[in-house]
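One structure below.
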Amino acid sequence: MLRWLLPILMFGTAASADAVDDVMQAAANSFDRMPRLERVARIEGACGADSHVNQDVAYCTTRNVVLLSETAASRPEAPYLVAHVIGHAVQVQHGIADIALREIRARRAEEPTLRGYVASQVECIAGFLMARAGQQGASLTDWFNAEPFTGTHWGRDPLRVGPQVSIGLDGRNAWFMRGQAATTLQDCAAGEFGAELLLRAYKG
């Protein structure tokens, strides 16, 4: 029994790893200055992260690296976890995050709405990259019972507690699936954060 079980477990882990690599390659093919992937035993301590930071995956903007924990890497949602933080990397590396931060600082009363637009666009980019990695057809509800990524999972070193952002599991899933079905990044315009910079950055 065990001699059959071990190859199955190893195959599942390898399949997840290959799918993560496919997402990273799709990102590199689509945009310049994309981060490299670093698999780590734990997120806490990497990029100065404390225990409040997402312990599955994080994007360290200082080093331009995606950190993926070894435990998360073996789970079926691993490609999505990476695709999500790559969405933040696209925003950071191509000026969208700077625009968003400027607007948030100037309009504090609207901060939840503005951060919601940012999160929506990230999910759309994640879906877009998943489709280009040959992994379309997935739904966030296949993997999650509650909304993921509401806490800190990207930023400069040291990564610490960040703003809580919620658009709901259904909202995230709708934007994620929209990205998978998109034929152009124009579909990832979210609220007042348009797709002009995405379209300019996209290499096709």
> For Arg200 and Glu111 in the same chain, what is the full-extension length gain: residue separation times 0.36 nm, less their Cα-Cα distance, in nm?
Replying inline: 29.4 nm
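Is the shape of the stretch 52-204 best called rounded, prolate or oblate, per the rule: a/c under 1.5 gives rounded, else a/b larger than b/c gives prolate, else oblate, with a ≥ b ≥ c the square roots of the Cα gyration tensor eigenvalues? Before the final figure, lay out the partial values.
Details: a/c = 1.35, a/b = 1.08, b/c = 1.25.
In terms of gyration-tensor shape, rounded.
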>> Could you identify which residue out of Trp175, Trp154, Trp143 has the top mean-square fluctuation in a GNM of the chain using Cα springs shorter than 10 Å?
In response: Trp143
> Could you give the length gained on full extension between Arg102 and Arg156, defined as 0.36 nm per residue of separation minus the Cα-Cα distance, in nm?
Replying inline: 17.8 nm
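Determine the per residue accessible area of the stretch 158-204 with all protein chains present and a 1.4 angstrom probe, expressed in square angstrom.
Using a 1.4 Å probe on heavy atoms only, each residue of the stretch 158-204 averages 53 Å².
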> Which residues does a label at Ser74 reach in the stretch 39-54, if reach means a backbone N under 19 Å from a point 7 Å past the Cα toward the Cβ?
Replying inline: 39-44
> Hey, rough spin-label estimate for Ala146 and Thr184, points 7 angstrom out along Cα→Cβ, what's it come to in nanometres?
Replying inline: 4.0
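For the chain, give the share of DSSP beta bridges that are antiparallel, in percent and rounded to the nearest 5; count only bridges with both residues there. Each step should come with its number before you reach the end.
Details: 5 of 12 bridges.
So the antiparallel bridges in the chain amount to around 40 percent.
Averaged per residue, what accessible surface does the stretch 111-152 expose to a 1.4 Å probe, in Å²? Each step should come with its number before you reach the end.
Working: 1500 Å² over 42 residues.
Accessible area per residue, the stretch 111-152: 36 Å².
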> Suppose every K and R has +1 on its Cβ and every D and E has -1 on its Cβ; what is the size of the dipole of the chain about the Cα centre, in Debye to the nearest 20?
Replying inline: 320
>> Mean-square fluctuation check for the chain, GNM, Cα pairs under 10 Å: which of Gly87, Gly171, Gly179 is largest?
In response: Gly171
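Over the chain, with every protein chain in place, what whole percent of the accessible area is carbon and sulfur at 1.4 Å, could you tell me?
Working: 5260 of 9860 Å².
It is 53 percent, rounded to a whole number.
If you count only protein heavy atoms with a 1.4 Å probe, what accessible area per residue comes out for the stretch 24-69, rounded to a whole Å²? Working shown, then result.
On the way: 1910 Å² over 46 residues.
Normalised by residue count, the accessible surface of the stretch 24-69 is 42 Å².
Sort out the exposed loop trypsin sites (Lys or Arg not before Pro) in the chain (DSSP loop, at most 13 other Cβ within 10 Å) and tell me the longest stretch that has none. Working shown, then result.
Working: sites that count: Arg33, Arg42, Arg107, Arg156, Arg160, Lys203.
It runs 43-106.
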>> I'd like to know which of Ala41, Ala78, Asn64 lies farthest towards the positive end of the charge dipole of the chain, counting +1 on Cβ of Lys and Arg and -1 on Cβ of Asp and Glu.
In response: Asn64
> Which whole-number percent is the relative contact order of the stretch 66-131 (Cα, under 8 Å, 6+ apart)?
Replying inline: 43
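Relative contact order, percent, of the stretch 152-204 when contacts are C-alpha pairs under 8 Å separated by at least 6 residues? The partial results should precede the final answer.
Details: 23 pairs, mean separation 9.3, N = 53.
Dividing the mean separation by the residue count of the stretch 152-204 yields 18 percent.
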>> What is the distance in Å between the Cα centroid of the stretch 148-204 and that of the stretch 40-54?
In response: 22
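The values are calculated or read from the model by the stated rules, or taken from the named source; none is laboratory data. On a predicted model such as this, the values are computed, not experimentally measured, just so you know. Counting neighbours? That spans all protein chains shown, and the Cβs are built from the backbone with ideal geometry, glycine included. Remember, those area values only see protein heavy atoms, side chains included, never the ligands or the DNA or RNA. Shrake-Rupley method; radii C 1.70, N 1.55, O 1.52, S 1.80 Å.
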